[in-house]
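The values are calculated or read from the model by the stated rules, or taken from the named source; none is laboratory data. Values in this document were obtained by computation on a predicted structure and should not be read as measured data. Ideal geometry is used to build each Cβ from the backbone, glycine not excepted, and the neighbour counts take in all protein chains shown. Only protein heavy atoms, including side chains, enter the accessible area calculation; ligands, DNA and RNA are left aside. Shrake-Rupley method; radii C 1.70, N 1.55, O 1.52, S 1.80 Å.
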Amino acid sequence: MSWSIRPIRPVPVLLLAVVLTACGGGVHGTPGAAGLSDPYFPRAGNGGYDVTHYDLTLAYDPAHRHLTGTAVITARATEDLSAFNLDLKGLDVGGVTVEGRGARWNRAGQELTVRPRAELDRGETFRTTVRYSGTPETITDADGSKEGWLGTAAGALALGEPAGSMAWFPGDHHPSDKATYDITVTVPEGLQAVSNGEPTRETTKDGRTTYAWHTGRPMASYVATVAIGHYTVTPSSLKNGLPVYVAVDPSQAEASRKVLARIPEIMEWEEDNFGPYPFSSTGAIVGRPDAAGYALETQTRPVFPGAPDTDTLVHELAHQWYGDSVTPDSWRDMWLNEGFATYAEWLWHEDHGGDTAQQTFDALYRGDYGDDPESNEAIWAFPPANPTSAAHVSDSPVYERGAMVLHKIRQSVGDDTFYDIIQGWADAHRYGNASTADFTAYVEKKAPHKDFGPLWRDWLYGEGKPERP
Ligand code: TRP
Ligand code: ZN
């Protein structure tokens, strides 16, 4: 029988069972799982391997909305594998190789199943190359927002939270599998392509320009980005030498100049409060307001739809510590991202002549925070540590009530221990993943004489509004 580089022909289940039984002891590897059983995104990610590096070589033609990609994925098998899955939504797969040899593959929904010629042994590092092309999809989230590949006036914007990255590259698309990245994008000359990390190369040939970006620290795929358009990219650096790359759509230059000039001040304030910045560059991508309906904490280079306000800039930069460096184990732990980034805004106000965090907390508890009484009620819809479904991971109980949990901890332990806790937490799980249970255990370890039971019960896990503030 010849192995061909084309989709696996469907095999009747019964026949497959007979073949497998007949092979007996000769077959030791089994297929990796098609999902990681995330409580809200059960098919996101895949079992059986861990990705260490993505090398993505992309070319985009905005006029035809056509993307051509080659993904070289370096991974380590965590079990003996006869096959494994990648997540990829839409696009056409042209071919797959594993360790340089043509592999069989097939597709079902967002699952791309790859069956290498030789089984993979547990512990083995292997390289998978996927060639693909097509018009990438814009995905509508469970909460109604848009992600994936968003067309813009001059180019495109790739946003991946929570499940959009599978629209532009195949991978292990769950926050628990972080990897380093090289992202290289070729676009028509005159356009820019901006991504995460640091630029390593820019070359123009035959009317097309190639931009290469390197991310040397582990990154979850949902915070990977590419922004293609007429950006003005301005490099600078912080006092401590950290490179800053700010990319601004010219239509937003004027409106964003003042706020972007505060990046150094915000970065320094966040380092004072959260500890050393974990990455090797920072910056921002400011697109047109209609590019996306929200800002996103894309690693090292958050994306903003139009000029951000200071609060939003503080929020997305705080996510670099809480979310990007320390990444949730699952989408249920989302409050570890949004509670922290929201509390960063409260602390910023407190330190800059605005309301104290206590005043913000009290206003939320009383229900007269901001000017929308309905949104005040919404805070109590569910507990921060249990947003109930994919549709609610970006709702206010995750953000505001998540921040209230942090404030309750601060009230309980005092400022010295509180800042110890938030800095120590960023340090203990730097570049990794952590869960809500890891966090509560960490807090308890830092303040062993306190009883946090009621706080966790009422504020973190409890339904409804806690009886006392
Ligand atoms: N994480 C973004 C922020 O608050 C908001 C966001 C965008 C989001 N898309 C999402 C949150 C999808 C949850 C799910 O900075
Ligand atoms: Zn956020």
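Within the span defined as region 247-267, one or more residues are within 24 Å of W335 (Cβ to Cβ) and either within 16 Å of ligand 2 (Cβ to nearest atom) or outside any helix (DSSP H, G or I) (or both). Residues of region 284-310 being surrounded by fewer than 23 Cβ atoms within 10 Å (Cβ to Cβ) and either more than 11 Å from ligand 1 (Cβ to nearest atom) or at pLDDT below 95 (or both), which ones? If the condition is that a residue be surrounded by fewer than 23 Cβ atoms within 10 Å (Cβ to Cβ) and either more than 11 Å from ligand 1 (Cβ to nearest atom) or at pLDDT below 95 (or both), then R288, P289, D290, A292, G293, G306, A307, D309, T310 are the ones that fit.
If you go through region 315-332 and keep only what is within 11 Å of ligand 1 (Cβ to nearest atom) and aliphatic (A, V, I, L, M), you end up with L317, A318.
Scanning region 109-144 for residues being farther than 17 Å from H66 by Cα and either hydroxyl-bearing (S, T, Y) or within 16 Å of ligand 1 (Cβ to nearest atom) (or both) gives a total of 9. Of the residues making up region 74-97, not a single one is out of contact with any strand residue (DSSP E or B) (no Cβ under 8 Å at 6 or more places or on another chain) and surrounded by fewer than 21 Cβ atoms within 10 Å (Cβ to Cβ). When Y369, Y322, Y399 are checked against the criterion of being open to solvent by 50 Å² or more (accessible area, probe 1.4 Å) and within 16 Å of ligand 2 (Cβ to nearest atom), a single residue qualifies: Y399.
Here the condition is being within 20 Å of I183 (Cβ to Cβ), touching a Lys or Arg at 6+ places or on another chain (Cβ under 6 Å) and at pLDDT 95 or above; of T52, T57, T70, it holds for T70 alone. Residues in region 348-377 that are modelled with pLDDT of 95 or more and within 16 Å of ligand 1 (Cβ to nearest atom): W348 only.
Scanning region 273-304 for residues that are within 14 Å of ligand 2 (Cβ to nearest atom) and of a type outside the set (V, I, T) yields A292, G293, Y294, A295, L296, E297, Q299, P302, F304.
Here A142, A158 are screened, and the one residue that is buried (at least 24 other Cβ atoms within 10 Å of the Cβ) and among the aliphatic types (A, V, I, L, M) is A158. Against the condition open to solvent by less than 10 Å² (accessible area, probe 1.4 Å) and away from ligand 2 (no atom under 16 Å from the Cβ), how does L364 come out, does it pass? The answer is yes for L364. Scanning region 411-422 for residues that are over 21 Å from the mean Cα position of the chain (by Cα) and not hydroxyl-bearing (S, T, Y) gives Q411, V413, G414, D415, D416, F418, D420, I421. Scanning region 431-464 for residues that are open to solvent by 60 Å² or more (accessible area, probe 1.4 Å) and more than 30 Å from the chain's Cα centre (by Cα) gives P448, H449, K450, D451. Is it fair to say T225 is within 14 Å of A193 (Cβ to Cβ), touching a residue at least 40 places away in the same chain (Cβ under 8 Å) and either surrounded by 18 or more Cβ atoms within 10 Å (Cβ to Cβ) or assigned by TED's automatic domain parsing to the domain that holds T282 (or both)? For T225, the condition - within 14 Å of A193 (Cβ to Cβ), touching a residue at least 40 places away in the same chain (Cβ under 8 Å) and either surrounded by 18 or more Cβ atoms within 10 Å (Cβ to Cβ) or assigned by TED's automatic domain parsing to the domain that holds T282 (or both) - is met.
Here P289 meets the list (1) touching a strand residue (DSSP E or B) at 6+ places or on another chain (Cβ under 6 Å); (2) within 21 Å of P218 (Cα to Cα) almost entirely, failing just condition (2).
Within region 69-96, being basic (K, R) and closer than 10 Å to Y49 by Cα holds for one residue alone: R76. Scoring Y343 on the criteria (1) within 15 Å of ligand 1 (Cβ to nearest atom); (2) within 17 Å of the chain's Cα centre (by Cα); (3) of a type in the set (S, T, Y) leaves a single failure, condition (2).
Across region 326-341, the number of residues qualifying as within 14 Å of ligand 2 (Cβ to nearest atom) and out of contact with any His (no Cβ under 7 Å at 6 or more places or on another chain) comes to 10.
Close Cβ contacts (under 8 Å, 6 or more residues apart or on different chains) running from residues in region 335-360 that are of a type in the set (S, T, Y) to residues that are surrounded by 18 or more Cβ atoms within 10 Å (Cβ to Cβ) and modelled with pLDDT under 95 comprise T360/Y369. Look at (1) open to solvent by 10 Å² or more (accessible area, probe 1.4 Å); (2) within 27 Å of G190 (Cα to Cα); (3) aromatic (F, W, Y) and you find that W269 fails only one, number (2).
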